[in-house]
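Since the structure comes first, as structure tokens, the remarks are kept for the end.
The values are calculated or read from the model by the stated rules, or taken from the named source; none is laboratory data. From a predicted model like this one, the values you see are computed outputs, not experimental measurements. In this analysis, Cβ positions are derived from the backbone assuming ideal geometry, glycine residues included, and neighbour counts consider all displayed protein chains.
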Amino acid sequence: MLQNILLEREIYASEEHKMMQKMIQDFINNEIIDQTDAWEKNGMVSRDIWERAGELGLLCIDMPEKYGGTGLDFSFSALFIEELAKKGVSGPGFSLHSDIIAPYLLKYGTEAQKQKYLPIMATGKLITSLGMTEPNCGSDLKAIKTTAVDKGDHYVVNGQKTFITNGYMSDMSIVAVKTNTATDKEGVSLLIMESDSKGFEKGIPFKKIGMKAQDTCELFFDNVKVPKENLLGEEGLGFKIMMTELARERLTVALNAIGGAEGAIENTIEYTSKRIAFKQPIAGFQNTQFKLAECAAQLQVHQAFLDRCTKLLSSHQLTAESASIAKYSATEMHNKVVDECLQLFGGYGYMWDYPIARMYADNRVARIYAGTNEIMKLLIARGLFKELFQKMKRARKEHHHPGE
């Protein structure tokens, strides 16, 4: 099987990692897989599975113990992301909650905000989402139109967000808003908004190509009052915060991609070893062997790179460019691997009852969210030509004349 040729991954080699891996696998096999059909029919998972993940210590894993986490490093979160992806589990938005929202609070929140939200987030009794994207803007976050007007001791928020993971089930969302509009201090700020606030409404979950058990929806704000103490970080620094934290988000997408690719290959090896055509297993044909060999080679290369990125993130050294490379390359690889694997299933690969069909539908969005892959290439290019771009920017300033 696949594990026979892959190098042992040092990053997950400790006894603690192996124990957690076994616990995660049991959790998925015993408590998640059988609920997938029901979750897809409902368009969302159950709140029970969130609380069960909290009981097992699988939420907010790398948060400090005093805030309800386990105090482990990010590699344990990475392990959880990969194991879910191997089994094609896309319903519960655990990673966004634990690996994006929780770090936002830990790094930029006040002590009161940390104490209020992080411990209950770790239990799964409070589900969170992130409100960035709007109908009029996707990757261009500076173009958001949701506003927060300063009213002294509170803000009044009006606007709309879309494509919000965990949106329908979320109890709290960190929302990007424009503050001080039409002034010299205009900028993007982040607000902690609780979903039971008056004027905070949720749209019906979208019907998507894939990730059918994931509750993705719109959020609407109609004169929502948000206390000033719910400002996350400093006013006007929201864009900078989001750009800083996007490296971690993009790495989680890449980890999901390599986990999903491994699961697809394993699934296909098993199927082609049993499926008979022309009096022999499909795996007996050279085309099958070569296709899966190509997929396995790409997976191994990406695992090595992603392990390096995971270590860098754990030590706060992962750059935006490396995270962009990881997200871009791993999701492109995942897309190609799943496509090749589905082909080897023949007609059965197109049937929803087969995991490879769900994997095919679920993985496509990874090249879009957390910044499209076109944006990733732009960010990588900026790193390559950083000095040139700075020189060009200085030249433009020098040749600019007031009144032109």
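Scanning the stretch 37-46 for residues that are surrounded by fewer than 21 Cβ atoms within 10 Å (Cβ to Cβ) and either in contact with a Lys or Arg (Cβ under 8 Å, 6 or more places away or on another chain) or aliphatic (A, V, I, L, M) (or both) returns Ala38, Glu40, Gly43. Got at least one residue in the stretch 82-102 being more than 30 Å from Glu266 (Cβ to Cβ) and among the polar types (S, T, N, Q)? No, that holds for no residue. When the stretch 307-318 is examined, which residues are found to be crowded, with 16+ Cβ neighbours inside 10 Å and free of Cβ contacts under 8 Å to residues at least 60 places away in the same chain? If the condition is that a residue be crowded, with 16+ Cβ neighbours inside 10 Å and free of Cβ contacts under 8 Å to residues at least 60 places away in the same chain, then Cys309, Leu312 are the ones that fit.
The set of residues in the stretch 101-134 that are among the β-branched types (Val, Ile, Thr) and surrounded by fewer than 23 Cβ atoms within 10 Å (Cβ to Cβ) comprises Thr110, Ile120, Thr123, Thr133.
The residues in the stretch 47-86 that are surrounded by fewer than 18 Cβ atoms within 10 Å (Cβ to Cβ), touching a Ser or Thr at 6+ places or on another chain (Cβ under 8 Å) and either in the same structural domain as Cys309 (by TED's automatic domain parsing) or in a loop (DSSP other than H, G, I, E, B) (or both) can be counted, and the count is 2. Search the stretch 208-224 for residues that are assigned by TED's automatic domain parsing to the domain that holds Thr162 and pair each with any residue that is among the small types (Gly, Ala, Ser) and not in a loop (DSSP other than H, G, I, E, B) when their beta-carbon atoms are under 6 Å apart and the residues are at least 6 apart or on different chains. Taking only residues 6 or more apart or on different chains, the pairs are Ile209/Ala361; Gly210/Ala361; Leu219/Gly131; Phe221/Gly159. Just one of the listed residues (Glu294, Glu262, Glu249) is part of a helix (DSSP H, G or I), surrounded by fewer than 19 Cβ atoms within 10 Å (Cβ to Cβ), of a type in the set (Asp, Glu) and in contact (Cβ under 8 Å) with a residue 12 or more places away in the chain, namely Glu294.
Evaluate the following for Thr244: is it farther than 30 Å from Leu6 by Cβ, hydroxyl-bearing (Ser, Thr, Tyr) and assigned to a helix (DSSP H, G or I)? Criteria met by Thr244.
Residue by residue, here is whether (1) modelled with pLDDT of 95 or more; (2) under 20 Å from Ser95 (Cα atoms); (3) of a type outside the set (Val, Ile, Thr); (4) part of a loop (DSSP other than H, G, I, E, B) holds:
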residue: Lys107; (1), (2), (3), (4): yes, yes, yes, no
residue: Lys114; (1), (2), (3), (4): yes, yes, yes, no
residue: Tyr117; (1), (2), (3), (4): yes, yes, yes, no
residue: Lys125; (1), (2), (3), (4): yes, yes, yes, yes
residue: Leu130; (1), (2), (3), (4): yes, yes, yes, no
residue: Lys142; (1), (2), (3), (4): no, no, yes, no
residue: Tyr155; (1), (2), (3), (4): yes, no, yes, no
residue: Thr162; (1), (2), (3), (4): yes, yes, no, no
residue: Met169; (1), (2), (3), (4): yes, yes, yes, yes
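Any chance the stretch 7-29 includes a residue that's farther than 29 Å from Tyr117 by Cα, polar (S, T, N, Q) and either assigned by TED's automatic domain parsing to the domain that holds Gly203 or assigned to a helix (DSSP H, G or I) (or both)? Checked against the condition, which is being farther than 29 Å from Tyr117 by Cα, polar (S, T, N, Q) and either assigned by TED's automatic domain parsing to the domain that holds Gly203 or assigned to a helix (DSSP H, G or I) (or both), the stretch 7-29 yields at least one hit. Taking first residues from the stretch 378-404 that are closer than 20 Å to Asp140 by Cα and in the same structural domain as Ala326 (by TED's automatic domain parsing) and partners that are at pLDDT 85 or above and loosely packed, with under 11 Cβ neighbours inside 10 Å, no Cβ contact under 7 Å between residues at least 6 apart in sequence or on separate chains turns up. Of Arg367, Arg394, all but one fail to be in contact with an Asp or Glu (Cβ under 9 Å, 6 or more places away or on another chain) and either farther than 25 Å from Asn29 by Cβ or crowded, with 17+ Cβ neighbours inside 10 Å (or both); the exception is Arg367. Exactly one residue out of Ser197, Ser189 is free of Cβ contacts under 8 Å to residues at least 60 places away in the same chain, in a strand (DSSP E or B) and small (Gly, Ala, Ser): that is Ser189.
Against the conditions (1) buried (at least 16 other Cβ atoms within 10 Å of the Cβ); (2) without any contact (Cβ under 8 Å) to a residue 12 or more places away in the chain, Asn30 satisfies every one except (1). If you go through the stretch 92-114 and keep only what is under 12 Å from the mean Cα position of the chain (by Cα) and of a type outside the set (D, E, K, R), you end up with Pro92, Gly93, Phe94, Ser95, Leu96, His97, Ser98, Ile100, Ile101.
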